[in-house]
Structure formats: C-alpha cells, structure tokens
Amino acid sequence: MSIPFPGSPVRGSKTGKPIMALLDLIGRTWSLGIIWQLNHKVLTFRELQQRCDGISPTILNTRIKELRAVSIVTKEPNGYALTKIGEELMLVIYPLGDWSLNWQVELAKTITKTGKE
C-alpha cells in the first residue's frame, strides 16, 4: 500500500482530493493513535509502542515512516514529535472527539427509544 499524498489516487478517490488522502492516512491501523499519543509529547519508539497497546514494531515503524513522509511526524534527537502541521491537525481532531461524544449520546437515546441496536 502506498503512502497517501494529496493529488494522487488514494482509497476512495481517483483524483486524490486532499481530504480523501487525509482520511486514507488517518484511517490506517494505528495512524490516528500515534498522532494522538504524540500530541504535546516527544516519545521514543519504545514509549510509543507501550502507549499504543498491542501495536507490533513492524506496524509502528511503517506508520511512523508514512507520517514522516507526509510531514505530520518528525524525528527529533530524543524521539518522535508532531510537526507544526501535525499539531494543526490535532486542532481539527479535538472537535471531532467532542462531536463523537454527542453522537454517542444521541445514538444511545435512539436505541433506548426503539429498543434496537
């Protein structure tokens, strides 16, 4: 699987619209988790692996390479960190987290009313 770059074909978009490239990237196993763990913290490979319970070293290495290739993560002398654009991405992700909590509440209300899952 190739690294999703805006302007190049990605899953779900032959034209590689930037939003589709981003969704392809963060939709990959552990990508978003790695970004989340690096928010405001520089972490070594081992620390990242410990914080991402169950991630294999191979997957972690692959995701770090992908996130570095698209300038979301950088390697620093003491570990990995988000770049400026990676930090900006987190500012977009936080509201999605809030939205998802509201969604959970509304979905629970719907399920309770209808008795269906």
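Read the figures in this text as sums done on the coordinates, not as results from a lab. Not measured: the values here are computed from a predicted model. Backbone-built Cβ (ideal geometry, glycine too); neighbour counts: all protein chains shown.
Below 9 angstrom from the Cβ of residue 4, what's the summed charge of the other residues (Lys, Arg +1; Asp, Glu -1)? Intermediate values should be presented prior to the final figure.
Numbers: positive: 11, 28; negative: 24, 66.
In short, 0.
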Low-density loop positions, trypsin sites (Lys or Arg not before Pro), the range 1-46 - DSSP coil, at most 12 other Cβ in 10 Å: 14
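Rg to Rh ratio, the chain, alpha-carbon atoms and Kirkwood radius?
On the way: Rg = 16.5 Å, Rh = 15.7 Å.
Rounded to two decimals, Rg over Rh is 1.05.
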Length added when fully stretched, residue 15-residue 32, from 0.36 nm per residue minus Cα-Cα: 3.8 nm
Mean separation of Cα contacts under 8 Å, 6 or more apart, over the residue count of the chain: relative contact order %: 18 percent
Trypsin sites (Lys or Arg not before Pro) within the range 70-117: DSSP coil, no more than 10 neighbouring Cβ in 10 Å: 116
